[in-house]
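Note sheet for the following structure.
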């Protein structure tokens, strides 16, 4: 194999996930076995992507992520007057991969968020993300799934 162009495009975790599932499906339909190390690698990557707190953990149940959803999120951000230059490509990619449910998590994705966006704009971005991509459901304790448990007060 020869690499013609390096890093021609950036991929979301969902796109990688779909590509791996398609590769496994094609091999199964053609009744051919993938090389052992490739089969192991693909299985481990799919397992990793399906683990909590990742957004793809409940993909089989919810079907939240689709190629149409990505375009919808970008369109909704533009409709809310966030231009393409306001949120750069790498930040949008991380929004898809992480699916921030609050401004604290969003601040880890958007560089200099406090300087670039007002508090109302930050809240609006999170609202749009939740409307389009959904939000991780809370567990029985009311804590967000994937949240690190607190050690305060013996909890």
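The values are calculated or read from the model by the stated rules, or taken from the named source; none is laboratory data. Just so it is clear, the structure is predicted and the values come from calculations on it, not from any experiment. Every residue, glycine among them, receives a Cβ derived from its backbone with ideal geometry; neighbour counts consider all protein chains shown.
State which residue is nearest to residue 130 (Cα to Cα) when the search covers only region 83-93 and only residues that are surrounded by fewer than 18 Cβ atoms within 10 Å (Cβ to Cβ) and free of Cβ contacts under 8 Å to residues at least 60 places away in the same chain.
91
Let's see how each residue does on (1) assigned by TED's automatic domain parsing to the domain that holds residue 17; (2) touching a helix residue (DSSP H, G or I) at 6+ places or on another chain (Cβ under 7 Å); (3) in a loop (DSSP other than H, G, I, E, B); (4) under 18 Å from residue 13 (Cα atoms):
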residue: 74; (1), (2), (3), (4): no, yes, no, yes
residue: 95; (1), (2), (3), (4): no, yes, no, yes
residue: 104; (1), (2), (3), (4): no, no, no, no
residue: 107; (1), (2), (3), (4): no, yes, no, no
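Only one of 23, 40, 67 is exposed (fewer than 12 other Cβ atoms within 10 Å of the Cβ) and farther than 18 Å from residue 132 by Cβ; which?
Within the list 23, 40, 67, the selection yields 40.
Between 49, 38, 42, which is in contact with a helix residue (DSSP H, G or I) (Cβ under 6 Å, 6 or more places away or on another chain) and farther than 24 Å from residue 136 by Cβ?
Sole residue among the options that is in contact with a helix residue (DSSP H, G or I) (Cβ under 6 Å, 6 or more places away or on another chain) and farther than 24 Å from residue 136 by Cβ: 42.
What number of residues in region 22-65 are at pLDDT 80 or above, over 23 Å from residue 94 (Cβ atoms) and part of a helix (DSSP H, G or I)?
16
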